[in-house]
Amino acid sequence: PTDHLESCFVEHPAAGYRKIFESVEELTEPIPAKITGVVPSWLGGSLLRMGPGLFEVGDEPFHHMFDGLALVHKFDLKNGQVTYYRKFIRSDSYVRAMTENRVVITEFGTAAYPDPCKNIFSRFFTYFRGAEVTDNCLVNIYPIGEDFYAVTETNYITKVDPDSLETLKKVDLCKYLSVNGLTAHPHTDTDGTIYNIGNCFGKNMSLAYNIVKIPPAHKDPIEKSQVVVQLPSSERLKPSYIHSFGMTDNYFVFVEQPVKINLLKFLTLWNIRGATYMDCFESNDSMGVSRSGVNDDPAGYLSSHKFRTSAFNLFHHINAYEDEGYVIVDLCTWKGHDFVYNYLYLANLKGEWEEVKRAALRAPQPEVRRYVLPLDIHREDQGKNLVSLSYTTATAVLHSDGTIWLEPEVLFSGPRQAFEFPQINYSQYRGKKYSFAYGLGLTHFIPDRIVKLNVQTKETWVWQEEECYPSEPLFVPTPGATEEDDGVLLSVVVKPGAERPSFLLILDAMKLTELARADVNTIIPVTLHGTYKP
């Protein structure tokens with residue numbers, strides 16, 4: 001184990017990381033990988049990953065990391081052999097861009113303009129009809145019932161065949177649920193029920209966050225989905241941006257962060273030429289962060305007390321669990337209210353190394369934090385620390401106005417070193433007391449290592465190799481394992497200078513040592529999230 005990574009600060013002067021933000025072509029058939037080491041005999045299945053694959057259309061570039069057209073990747077592992085395959089999702093965004101050879105639908109940070117060849121009247125009407133919502137599902141892919149869906153954060157998800165990677169159908173969630181979109185990070189209960197959360201713009205412009213439930217094993221589970229809990233937004237016209245949430249046996253954990261979606265801007269900007277989703281975000285620097293614990297029982301919303309803390313950006317929850325009358329919540333945070341996505345424009349990420357470092361100096365600083373929320377609160381405890389758990393330094397203090405001020409325990413911190421895209425032994429430890437989190441290490445936003453973190457002792461282990469750019473490490477448990485970290489980590493790694501410039505890396509999750517790698521003769525662009533299908 002290395003102590004807190006001070007010793008392994010990495011330099012990337014060759015800027016090989018630019019390669020992960022360059023367009024590629026899809027493959028006509030799976031290509032074989034060359035294996036070094038030994039793939040565990042029990043490991044058979046598919047690693048599915050989503051990310052941007054086309055970073056420009058014609059001569060129009062996409063500007064933001066979340067804009068490139070969605071590419072689904074698959075590594076198949078079978079009898080010690082590995083193949084790699086990829087295909088573009090045939091979304092409306094993709095098909096129409098290919099047909100017209102330009103950006104037709106506005107993406108997260110790139111505006112679409114009306115076709116200059118159309119006459120002035122049809123152009124004029126396009127302005128006032130409002131932009132179409134994108135269906136470019138590049139963020140994640142996960143199962144719902146028997147099917148697999150590629151998703152982003154809008155109301156559109158796309159059913160994909162996990163074997164052929166063919167696009168099967170586009171689904172509009174608004175037909176089944178009152179939500180404007182759902183996060184790309186659902187939770188799955190032990191019985192297969194899926195929970196997710198999304199914003200909902202209700203009647204007379206009232207705003208809420210809806211927690212949604214999709215039942216297990218039904219012919220078409222999405223048709224049977226329903227809203228189970230509705231949480232009010234603290235600012236009427238400005239919901240917080242939600243990227244993920246936490247779930248324990250009895251509670252949903254939702255963090256209302258200072259990065260807001262300005263609804264009025266959203267509705268008016270949509271009619272303005274050149275506006276994007278990014279233009280609708282704003283930061284509320286006076287707000288701090290409030291969080292709610294919500295009982296699975298909709299009536300049991302802990303409304304009498306607001307938990308508050310100083311401002312941070314939040315994208316990924318690591319895990320949450322209950323212990324001795326507390327809810328423990330572990331998060332990947334970025335300090336302050338300045339929106340981290342402002343630093344993920346491709347021009348930023350593809351700069352010279354010195355420029356990349358300079359930009360990251362201005363950005364919010366990353367930190368893994370543990371917050372502890374007491375459930376049993378009495379008025380007479382005012383002013384005292386309510387946390388009596390022996391293993392954490394996190395505190396919670398009741399103020400006279402009924403709010404509970406939380407101070408975190410820092411589990412991991414290094415100068416401009418993020419532990420992000422966190423994963424755990426999900427099937428066994430989601431919502432349970434746990435020890436290990438696995439993450440992608442970012443140095444100045446560049447993914448350059450894989451980190452294992454013991455959340456109890458704060459010990460870290462690192463896998464890293466020169467000029468290598470890994471992706472989110474997915475944990476696959478060894479069959480019949482009894483130890484929490486008995487399993488492997490799977491990560492897609494890009495090594496731009498190598499003869500075979502990409503590989504599937506298989507690490508022993510206990511020691512973070514390499515078991516095998518499967519090299520392929522093609523560059524694989526950045527992937528965001530994915531799933532392992534046994």
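Per-structure values
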quantity: Gly130 being at pLDDT 95 or above and either surrounded by fewer than 19 Cβ atoms within 10 Å (Cβ to Cβ) or of a type in the set (Gly, Ala, Ser) (or both); calculated: no
quantity: Residues within the stretch 189-231 that are of a type in the set (Ser, Thr, Tyr), out of contact with any Asp or Glu (no Cβ under 9 Å at 6 or more places or on another chain), under 15 Å from Gly145 (Cα atoms) and touching a residue at least 12 places away in the same chain (Cβ under 8 Å), tallied; calculated: 2
quantity: Tally, over the stretch 447-474, of residues that are within 30 Å of Thr393 (Cβ to Cβ), part of a loop (DSSP other than H, G, I, E, B) and either in contact (Cβ under 8 Å) with a residue 60 or more places away in the chain or touching a Gly at 6+ places or on another chain (Cβ under 9 Å) (or both); calculated: 7
quantity: Whichever residue in the stretch 214-236 is in a strand (DSSP E or B) and open to solvent by 50 Å² or more (accessible area, probe 1.4 Å) and, among such residues, is nearest to Ser283 (Cα to Cα); calculated: Pro232
quantity: Qualifying residue in the stretch 348-367 (condition: touching a Phe, Trp or Tyr at 6+ places or on another chain (Cβ under 7 Å) and open to solvent by 60 Å² or more (accessible area, probe 1.4 Å)); calculated: yes
quantity: Residue satisfying condition, being exposed (fewer than 15 other Cβ atoms within 10 Å of the Cβ), hydroxyl-bearing (Ser, Thr, Tyr) and either at pLDDT 90 or above or touching a Lys or Arg at 6+ places or on another chain (Cβ under 7 Å) (or both), within set Thr190, Thr183; calculated: Thr190
quantity: Odd one out for Gly497, checked against (1) open to solvent by 10 Å² or more (accessible area, probe 1.4 Å); (2) more than 23 Å from the chain's Cα centre (by Cα); (3) at pLDDT 95 or above; calculated: (3)
quantity: Selected residue (criterion: least open to solvent (accessible area, probe 1.4 Å)) from residues of the stretch 432-441 that are farther than 18 Å from Phe315 by Cα and of a type outside the set (Phe, Trp, Tyr); calculated: Ser435
quantity: Residue under evaluation Leu165, criteria (1) within 28 Å of Asp279 (Cβ to Cβ); (2) modelled with pLDDT of 95 or more; (3) open to solvent by less than 10 Å² (accessible area, probe 1.4 Å), criterion not met; calculated: (1)
quantity: Selection count, the stretch 16-61, where residues are surrounded by fewer than 21 Cβ atoms within 10 Å (Cβ to Cβ), in contact with a helix residue (DSSP H, G or I) (Cβ under 6 Å, 6 or more places away or on another chain) and more than 19 Å from His529 (Cα to Cα); calculated: 0
quantity: Whichever residue in the stretch 475-505 is in a strand (DSSP E or B) and of a type in the set (Gly, Ala, Ser) and, among such residues, is farthest from Val82 (Cα to Cα); calculated: Gly487
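The values are calculated or read from the model by the stated rules, or taken from the named source; none is laboratory data. Please read these numbers as outputs of a predicted model, since none were measured by experiment. Positions of Cβ are generated from backbone atoms using ideal geometry, with glycine treated the same way; all protein chains shown enter the neighbour counts. What goes into the accessible areas is simple: the full protein's heavy atoms, side chains included, and nothing from ligands, DNA or RNA. Shrake-Rupley method; radii C 1.70, N 1.55, O 1.52, S 1.80 Å.
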